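Below: one structure, written as structure tokens.
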Amino acid sequence: MSICDNLNKIKQLLPKNVTLVAVSKTHPVELIMEAYNAGQRVFGENKVQEMLSKYEVMPKDIEWHLIGHLQTNKVKYAVPFVKLIHSVDSLKLLKVIDREAAAVNRVVDCLFQVHVAREETKFGFLEQELIDLLQLGEFNKLQNVRMTGIMGMASLTEDMNQVRAEFKSLNVLFNKVKSSYYSNCDWFNTLSMGMSHDFNIAVEEGSSMVRVGSSIFGQRNYPNKL
Ligand SMILES: *Cc1c(COP(=O)(O)O)cnc(C)c1O
């Protein structure tokens, strides 16, 4: 199967209103160009340096999404061009994104990453932590970031009931946050959940954006920390 075939197969499984982020981390530009030539324009990377070097050499109509954990000292390299940061997991990080975005005169779209998986290693706000910060109105003070939704990852498990339950709870949280804090904001419309092995379940549970890597590009050559 070619990258083009893989993309077509996945697109057939996705409703039209679900955005496909092709996760190209660890893969070389030549392979990503195959996806580009097949019409794909939205790509996800989990390291700022790697995203930047690919951005520099690839066509400029690509939307680059940052999906991996972001360190505050790397923010300034992403902010000038990134289309969406999926991995906002602290108020401190969001304040740095806001400051760096102001410095380059941009408003950067971001998602709250929420931790629902069982694994302790996954980043993200706990649900209650996010609600508390929203309640305090901390995010509204920031002028150069725009919160457009929520991102989450399910547990790495064979238990698909568990995975489904976690996606369900992300969807409940998304709707709660939207109706309580972003009800007048039509841009708060993104629920980013679902990867290669679970995107079909995520879509059934209300995902509007899936992040798919290995089902498009094949297995990654070296393990990449989430
Ligand atoms: C790598 C990664 C993906 C894609 O994973 P696949 O299993 O290859 O589809 C999705 N989301 C995040 C946050 C990732 O780091």
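The values are calculated or read from the model by the stated rules, or taken from the named source; none is laboratory data. Predicted model, so just to flag it, every value in this text is computed and none were measured. Because the Cβ atoms are built from the backbone with ideal geometry, glycine has one as well, and the counts that use them run over all protein chains shown. Just so you know, the surface numbers come from the protein's heavy atoms only, side chains and all, with ligands and any DNA or RNA stripped out. Shrake-Rupley method; radii C 1.70, N 1.55, O 1.52, S 1.80 Å.
Quick notes on this one:
- Debye log10 I(q)/I(0) at q = 0.12, 0.13, 0.21, 0.23 Å⁻¹ for the stretch 46-137, Cα point scatterers: -0.39, -0.46, -1.05, -1.19
- At a probe radius of 1.4 angstrom, the accessible area of the stretch 44-128 per residue rounds to 46 square angstrom.
- Helix runs (DSSP H) in the chain reaching 20 Å along axis by Cα, Kyte-Doolittle at least -0.5: 160-181
- Partner lysines for K54 [C-alpha distance under 28 Å; skip if fewer than 8 residues away on the same chain]: K9, K11, K16, K25, K74, K76, K83, K92, K95, K122, K225
- Built amide H within the under 5 Å cut-off of A117, gap 5+: M153
- Helical content alone sets the calculated 222 nm signal of the chain at -11500 deg cm²/dmol, taking -39,500 (n - 2.57) per DSSP H segment of four or more residues and averaging over every residue.
- All other residues whose Cβ lies under 12 angstrom from that of I131 are scored, Lys and Arg at +1 and Asp and Glu at -1, for a net of -3.
- Accessible surface of the stretch 100-226 [probe 1.4 Å, protein heavy atoms]: carbon and sulfur percent: 48
- Of every Cα-Cα pair in the chain, the percent that sits beyond 33 Å: 12
- Under-5 Å amide H pairs with V88, H placed in peptide plane, nonlocal only: L111, Q113
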